[in-house]
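Down below is the structure, laid out as structure tokens.
The values are calculated or read from the model by the stated rules, or taken from the named source; none is laboratory data. Predicted model, so just to flag it, every value in this text is computed and none were measured. Backbone-built Cβ (ideal geometry, glycine too); neighbour counts: all protein chains shown. Note: accessible area is taken over every heavy atom of the protein model, side chains too, but ligands, DNA and RNA are not part of it. Shrake-Rupley method; radii C 1.70, N 1.55, O 1.52, S 1.80 Å.
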Amino acid sequence: MVVDAASIYRQMVIDHGRSPRHFGPLASCSCRSAGHNRVCGDKLDVFLQADTEQIQAASFQGAGCAIMMASASMMMERLQGCSRSDALRLLHCFLQMMSLRSASTPSPTAATPPTAATSPTAATSPTAATSPTVATSPTAATSPTAATSPTAATSPTAATSPTAATPPTAATSPTAVISPIALSEDCADILGPLTHFAEVRGFPTRIKCATLAWEALAAALRQDPQTVSTE
């Protein structure tokens, strides 16, 4: 039986959200940080027992949505006995993955399509601007059909149509201009099962839930006493 990525992601979130690993403060820690996601209400503290070379132990405590709890729990599993350099690579890859465009995010290059605003065919075409057929033909000059026809002069299709100015297929359609960016093979290997959190990118408001623990980890590694905020 083939299990899709979305199903694996849901199972991971349920499992780690209900039974988070390495939950609770460490008896002794050398690094500590706090994080707060004001949008969702997630709060957590990250504890590290580490020296300049290695993280001997890591844990967290807090409360929040299942995505935050699962992300923090899986992060803690990976940090046990991890070198600081490997932890930084893991951190970099996870945050990079969560910042990539998802398959439902329109490409930013599609907001100013040249065909709508700057196309020489529409703006400077001699056929439309200087054609003698249009300028000197008595049919074109005096015919009420040519002069006053809403089709020719005031047609919303020709002059003000949103289809001509801001084509939905270029600017607003989430399917016509998709250009997702793939995660590098190195990062995919480093993240392992954590790559399934890429499913969260389909729900932009929940991305901060998934990244909160990782932002707090970054603060702990640099020994920043300020509470990390996702705002």
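A few points about this structure:
- Rolling a 1.4 Å probe over the heavy atoms of the protein chains gives the stretch 1-68 an accessible area of 55 Å² per residue.
- Taking the average, over residues, of other Cβ atoms within 10 Å as the packing measure, peptides 211-222, 27-38 rank 211-222, 27-38 from highest down.
- DSSP beta bridge pairing in the stretch 11-84, given as percent antiparallel to the nearest 5: 95
- Inter-label distance for Asp51 and Ser85, nm, one decimal - labels placed 7 Å from Cα along Cα-to-Cβ: 1.7
- Maximal additional length on extending the Leu95-Ala27 stretch stands at 21.6 nm, based on 0.36 nm per residue less the C-alpha distance.
- Ordering of 48-54, 14-20 by burial proxy (mean other Cβ atoms within 10 Å per residue, highest first): 14-20, 48-54
- Table column - 3J(HN,Hα) (Hz), the stretch 17-29, Karplus curve with 6.51, -1.76, 1.60, x for Gly and Pro: x, 7, 10, x, 7, 6, 9, x, x, 6, 4, 9, 9
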